[in-house]
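Structure, as C-alpha cells:
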Amino acid sequence: MTKYKLNNALRSSSEVTLTSYLAADGASGKRDDRPYQISVLDNDNLDSEANRNLAGVRCAGCSSCALPSALPGELAASLAKNECDKFGLNELKVEGLDRNVCLCEKFNGGCKLCPRPSLAPTLSLAPTLSLGAEGKESCLACHRGACGAPYSNAGAGQARRGWRGWRGAAARRARACCSAKMLLRRLPILAWLPNYNFRSGLADLIAGVTVGLTVIPQAIAYAGVAGLPPQYGLYSSFMACFVYTALGSVKDSAVGPTAIAAILTRENLHGLGPEFAVLLAFLSGCVELLMGLLQLGFLIDFISGPVSVGFTSAAAIIIATTQIKDILGLSFPGGKFLQVWAGLYEHIGETRLWDATLGLGCLLLLLLLRKVKDIKVGVSEKGGGGRGRAALAQALWFLSTTRNILVVLVCAGLAYYFDTKNQTPFVLTGEVRAGLPRLALPPLSATVGNHTYTFTEMTSTLGSAIFVVPLLSILENIALAKVFSEGKYVDATQEMIALGVCNMAASLVDSMPVSGALSRGAVNHASGVATPAGGLYTGALVLLALQYFTPYFYYIPKASLAAVIIAAVVFMMELHVFKPIWRTKKVDIIPAVVTFAACLLLRLELGIVVGIAVNLLFLLYASARPAVRVTSALSSDGVPHVVASVDRALAFPSAEYVRRAVRKAADRDARAPLVLDASHVQAADFTAARGIKALIEDFHARGQTIIFYNVKPSIAEVFRGVRPREFLHCSCRAELDRLLLEAQRQDKQARV
C-alpha cells in the first residue's frame, strides 16, 4: 500500500489523499475492504466530464496522461473506481476541475497518471512519481509538445490581467499587512491577553520573581564583563522585559544582558565610556528591526552549526579568562585572551589570598548548588509523605535556581561584617549609582577626555559591531526560542522585530545591547511561566532594586561576581560537540576549529567572519565540483548511448569542470551519442550557457551527437540565449528514443 499526500489549493481541506497499490511480480491485486475516511466536497461537478475522464484513468487537460499499456492491469484497477469503492481517482472530486486543467498543476506534485520514465536501460514497470514544489515542472509530458498537448493556464492569465500584474500583487500584500491576522502576529499580546486569568497571572508572578532574583546578580556581573559601571547592567534589565511582553512571541524568553552581548560590547568600546555602549544598543535595535521588516532572517543560516559551536566555546573561554583576575584579586589592564594570560603570568605573585579563597569557594558552591535540583526525592515504600516530598523537591529546585542571588547576598553580608570591624579583606564592587536612570534619547555625541566624538566618529569607532552584535543577538534569541518552542513554529521575523524594539527602547534608559538569555530562559520555563507577562514582574523587581537596594550593592565582592560569571559560562563551552562532528562529517571540524582559534587569537567578530568565510569556501567548492555520473545504456530501439547525469545547478564555478567531465565521458565510446541528463539541474547562468555552447561545438567538431534530456524550460531559454549551433533537447523517453535512432542513422550514413 502506498499513500501519497497532495497539497490541494482549491478546497478548504488541508490535503487530498490518493491511495494506490501495485501487486508484486504481476500477481493479482486484492481488494482492500478496510474502511477509509475520504472527505468529498459537495459541489456541482461530480458528474462532469473531468470526473468522467478520471474514471477512465485519464488526466483532464493533457491527452498524454493516460496510463501506459505496459503497466500491469492491477495498478490501473486500483486507480479506477469500478474496481474498489473504498478509494480511487474518482474520490478526487475538486471544485472547478474542468477539462482544461491538468492534475499536475492542481495538486502541486507529479502527475499520478503519466509516470515519468527512467533513463535506465530497462524501463521499470512501477511508475516514477515525482513530487516537486512546482507541479508544472514535475510532469514535463503534460507541458511540452513532443509527448502531449501543451499546457494551458488561461485562468491564471486572466487572474494576472485582472489584478494588473505587480500592482495587484502589491495591493494584495498591502491588504494582508493590514489584516487582523497580521495584527495578531505583530502584536502577540492581543492573542493571549483576552484569555488571561488568575492562574496564568500567578504562574507569571512566580516565574517573573524567580528570574528577577537570577538577573540582578548576573546584570551587575555582565556590566563588569562589558567594562561598564555596575548600574548599567541593571539599567539593561527592565525596559526590554516590558517591551517584550507586548511584542514577544515566546513566553519563555527572558530578554536582558547576556554574556556574549557583554563581551562583544567590551571588545568594541575600546574603553571610551558608557555612551558608546548605549549608542551600540540603539543601532543594534535599528538593524534588528530593519532585518525583521525586510525578512532578512535567512542571513542567520550562513552561521552553520560548527561555526556557532566554535564561536560560543571561544566566547565562553574569553569571558571566563577575563574574570580570573577578579577571582584572584588582581588588577591590570587588558581584556583580550592573550593579554589576560600574559598579565596573569606577570602578576601572579600579587594574588590576594582572601579574594582567591572567596572566589574559588563561591565557584565550587555554585557548581554544587546547580546539581541540588537533580537530587531525586522519591516516595516512601508505604506511599506516605508524598506531599512533603514534593514540597522538599520544590524547595531544592528553588535553592538551585536562586543560587546566584543567595551566594552574592551571603558574600555581601560577610563583606559588610568585616567592614564593621574596619577590615577590607575583599575587593568590593564599590559605589553603585542609586535611583532610576533618566529617560532620554541615545547619545549622538560623547566627550572622552579632551576630545568630543561626533555621531559619525562614534559609529566609525563601533565599526562592524553595529552589524555583528545584532546578528549574534538574533541567533542567540532564536536558538532560545526553538529550544522552548516544544515543536511549535517560531516566527523569526516577529522575534527580530521584538528584539529590535527592545534594544531601541532600552537605549532610552542607558542600556547596553540585550538579547534573550538561554540560562534565564531555562529558569523561566522551569518556573512554569504561562505568558510573556512574566517579564513585567522581572522588570518591576529590577526597578525596586535600583530604587531601594543599590547602596547595599557596594559590599558585593568582585570575586563572588566573577564566580557567578564563570559558573554560568563554563556550560556554554560546547567542546563535547566536536566528537559528534568528527563522527558525522570530519571536514566540518575545519570551520569549527578555525572559528575557535580566530576568536581566541583575534577578535570575536573577526573570528566569526573568518569562520563563515571558511564555510562559504566549502560551499563554493561543492558548487564548483558537481558530481557527473556516467553510465552506458540502450534505448528501446537498441541504440547504445552514454548517459552523463549532473547532480546540481550549473553556475560559473562549475562550467569548465562539467565541460571537461562530459568530454571525458564521451571518450568512452567516440561513436555513441551522449545524453546529458539535466533532471537535477535547477539553475544555470551565462557562464554555464557559454560552457554548454562550447561543449556543443566540441561534439560537432568530433562528429558525435549530444542530446540534452529533461532540461527545464527556464534553463533551456538560458542555453538558447547564447545561440548554440544545434541544441537538441527533449523531455520524454519517446522523443529521446527518436533522437537516438536518428543519430544512429546519421552515423551510419557518415561511415558510408
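Structure above, values below:
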item	result
Carbon/sulfur fraction of accessible area - region 581-699, other protein chains in place, 1.4 Å, %	63 percent
Long pairs among 251/579; 336/579; 421/558; 664/712; 181/482, criterion Cα-Cα beyond 30 Å	251/579
Charge sum, other residues only, whose C-beta stays under 15 Å from residue 325's C-beta, Lys/Arg counted +1 and Asp/Glu -1	0
Residue order for 742, 431, 350 - accessible surface, 1.4 angstrom probe, largest first	431, 350, 742
Alpha-carbon centroid distance for the pair region 392-454 / region 581-637, whole angstrom	45 Å
Computed E for residue 346/residue 434 - FRET, C-beta separation, R0 41 angstrom, nearest 0.05	0.65
Alpha-carbon centroid distance for the pair region 661-717 / region 524-561, whole angstrom	67 Å
FRET E, pair residue 631, residue 298, Förster distance 51 Å, beta-carbon r, rounded to 0.05	0.90
Net charge of neighbours whose Cβ lies under 11 Å from the Cβ of residue 560, counting Lys and Arg as +1 and Asp and Glu as -1	-1
Förster radius 30 Å - calculated FRET efficiency between residue 371 and residue 579, Cβ distance, rounded to 0.05	0.80
Relative packing of 526-539, 726-739, which averages over residues the other C-beta atoms within 10 Å, highest first	526-539, 726-739
Cα-projected label distance for residue 548 with residue 452, points at 7 Å along beta-carbon direction, nm	4.2 nm
Protein-only accessible surface order, largest first, of 497, 707 at 1.4 Å	497, 707
Overall form of region 494-549 per C-alpha gyration tensor (a/c, 1.5; a/b vs b/c)	oblate
Cα-based Rg and Dmax for region 636-730, where Dmax is the largest Cα-Cα distance (Å)	12.3, 38
Surface per residue (accessible, 1.4 Å probe) for region 250-398, Å²	48 Å²
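The values are calculated or read from the model by the stated rules, or taken from the named source; none is laboratory data. Computed from a predicted structure; not experimentally measured. Counting neighbours? That spans all protein chains shown, and the Cβs are built from the backbone with ideal geometry, glycine included. SASA here: full protein model, heavy atoms, side chains in, ligands and nucleic acids out. Shrake-Rupley method; radii C 1.70, N 1.55, O 1.52, S 1.80 Å.
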